[in-house]
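Trainee: Below are the structure tokens for one structure; questions will follow.
No lab work stands behind these numbers, since they all come straight from the coordinates. Not measured: the values here are computed from a predicted model. Virtual Cβ from ideal backbone geometry, glycine too; neighbours counted across all protein chains shown.
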């Protein structure tokens, strides 16, 4: 029978402990993913094309994400999804609606945690800016989130669209720096390589009767030039 030396036994002992910790960690991540998977899919589909969900469906999503956070509490993507699960239910309700405000404040807390853990992700910052706007809190945190999202994701279609939508909807209430940011974002968006995105931005500008902003970039683009006939 081979007898291990004391140093080797110590090494094996710590290896077993490390392996056990790793197994527990991986198991927790797996359980978190199981709880979150369907909620992720539902929220992503809702973001792409909002559809009606019952209070019970929103409650189930929030519950599943809460269970997932118990096993993976510092996952920034999970925190972002948790924020959306609270913000989405009342996304289009007025600021004054008490339940909407309560859920938006919960969403804001999750978004703050998310950007703290993943500060380089532009979608975390634009989600934070959007919920601040929906709360009517156009303070420095709002402007910082808007600017950081534009800096980190200047060509991201989802970031561009929210910046433009917020900016045009709240044009009379945002500051001059934000005005400049919105116009610069429009200029980028209408020359984007994704034609479907360009068309969605054109539709958004028409909604706010501000198509002329797109026409500032029309000189070297035949497609925009055709759209902008008679605008300038």
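Trainee: What Rg and what Dmax come out for the range 176-217 when only alpha-carbon atoms are used, in angstroms?
Mentor: 9.8, 30
Trainee: Turning to a different aspect of this structure: Enumerate the residues in the range 123-155 having an amide nitrogen under 17 Å from the point lying 7 Å beyond the Cα of residue 105 toward its Cβ.
Mentor: 131-139
Trainee: Here's another thing I want to ask about it. Take residue 208, project a point 7 Å from its Cα along the Cβ direction, then tell me which residues of the range 172-191 have their backbone nitrogen under 15 Å from it.
Mentor: 172-190
Trainee: Using bins 10 angstrom wide from zero, how does P(r) for the range 125-178 break down, in % of all Cα pairs?
Mentor: 27, 64, 10
Trainee: Between residue 77 and residue 191, what is the FRET efficiency for a Förster distance of 35 Å, r being their Cβ-Cβ separation, to the nearest 0.05?
Mentor: Computed FRET efficiency for residue 77 and residue 191 comes out at 0.70.
Trainee: Can you give me the relative contact order of the range 79-118 as a percent, contacts being Cα pairs under 8 Å and 6 or more apart?
Mentor: Result for the range 79-118 is 54 percent.
Trainee: Also: What full-extension length gain, to one decimal in nm, is calculated for residue 66 and residue 229 as 0.36 nm per residue of separation minus the Cα-Cα distance?
Mentor: Going from the current span to full extension adds 53.5 nm.
Trainee: A follow-up question, please. Taking other Cβ within 10 Å of each residue's Cβ, how do 216, 78 sort, fewest first?
Mentor: The order, fewest Cβ neighbours first, is 216, 78.
Trainee: Same structure again: Rounded to the nearest whole Å³, what is the per residue volume of the convex hull around the Cα atoms of the range 81-151?
Mentor: Hull volume over Cα atoms, normalised by residue count, gives 70 Å³.
Trainee: Over the range 69-192, one equal point on each Cα, no solvent: what is log10 I(q)/I(0) by the Debye formula at q = 0.20, 0.23 Å⁻¹?
Mentor: -1.10, -1.34
Trainee: Using the scaling law 2.2 N^0.38 Å as the reference, what is the normalised Cα Rg of the range 154-232?
Mentor: Dividing the Cα radius of gyration by 2.2 N^0.38 Å gives 1.01.
Trainee: Right, something else. Ranked highest first by the average count of other Cβ atoms within 10 Å around their residues, in what order do 177-186, 60-69 fall?
Mentor: Result, highest mean Cβ count within 10 Å first: 60-69, 177-186.
Trainee: Relative to a virtual label point 7 Å from the Cα of residue 92 in the Cα→beta-carbon direction, which members of the range 187-213 show backbone nitrogen distances below 20 Å?
Mentor: Correct set: 200-209.
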